[in-house]
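The block underneath contains the structure these notes are about, expressed in structure tokens.
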Amino acid sequence: IACHQAGAQNVVASLGTALTPDQVRLIKRHTKNIFILYDADPAGEMATLRGLEICLEEGLEVKIVRLPQGHDPDSFIKERGSAAFKEAVSGAKTLFEYKLALLKNQHDAGGLEGKVKIAGEMVRLFSKTQNEILKSAWTAELSKELGLSTEALKAEMNRGAARPKEARPAEAAADTSGELDF
């Protein structure tokens, strides 16, 4: 409601962290562009990651809006106003940027062990996309970021494709144009 009152149109809330594949398919009827915006806390971060995977598996374009720690959309808009909210949305990160930054904060990207952990998580995510061109571009970018060969990353992705899927829910904001309407 706060997002709509601040001028953002085409907003939905999954009411908690239980975004399901069925809900994503309903959203997909109206748009292929999703902006995920959860509370800036550990639960919100986990919900974002689960929502990203569901949206990616359904072939949607996903961006992530991050608010300062301790804020949800309502508190952020009340404290900083609709212009700041609009700015936060326009600064949304791509799925690749978001996940890589998160993993670099968790693991040492300068050391071999950290690179292996980051690469493993990223290629697991890559394998969920239906878009082969995007997969290839992400693989090349990750190769450059971590100093690993694209062949090794592709081999790991192919190896991981045989692993079983996990359950993962979340909540999302959807729009019909690729941008939130203000």
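Miscellaneous remarks
- Rounded to 10°, Cα long-axis angle of helix 42-57 versus longest principal axis of the chain: 70
- Looking at the chain, the accessible area is 53 square angstrom per residue; that uses a 1.4 Å probe and ignores ligands, DNA and RNA.
- Neighbour cut-off at most 12 other Cβ (10 Å), DSSP loop, trypsin sites (Lys or Arg not before Pro), region 1-80: R29
- Comparing G147, G51, G120 in a Gaussian network model of the chain, where Cα atoms under 10 Å apart are tied by springs, the biggest mean-square fluctuation is seen for G147.
- For region 15-131: relative contact order, % (alpha-carbon pairs under 8 angstrom, 6 or more apart): 25
- Only the Cβ atoms of Lys and Arg (+1) and of Asp and Glu (-1) were treated as charged; on that basis the dipole of region 1-60 about its Cα centre amounts to roughly 320 debye.
- Values of log10 I(q)/I(0), in the order q = 0.10, 0.12, 0.15 Å⁻¹, for the chain under a Debye, Cα-only, solvent-free model: -0.40, -0.58, -0.88
- Note on the chain: with neighbouring protein chains present and a 1.4 Å probe, carbon and sulfur make up 52 percent of its accessible heavy-atom surface.
- The GNM of the chain, with springs linking C-alpha atoms under 10 angstrom apart, assigns the highest mean-square fluctuation among Q69, Q23, Q130 to Q69.
- Farthest toward positive dipole pole in the chain [+1 Lys/Arg, -1 Asp/Glu at C-beta], among T94, S75, L56: L56
- Region 75-143 shape via C-alpha gyration tensor axes, a/c threshold 1.5: oblate
The values are calculated or read from the model by the stated rules, or taken from the named source; none is laboratory data. Just so you know, these numbers come straight off a predicted model, no measurement behind them. Because the Cβ atoms are built from the backbone with ideal geometry, glycine has one as well, and the counts that use them run over all protein chains shown. SASA here: full protein model, heavy atoms, side chains in, ligands and nucleic acids out. Shrake-Rupley method; radii C 1.70, N 1.55, O 1.52, S 1.80 Å.
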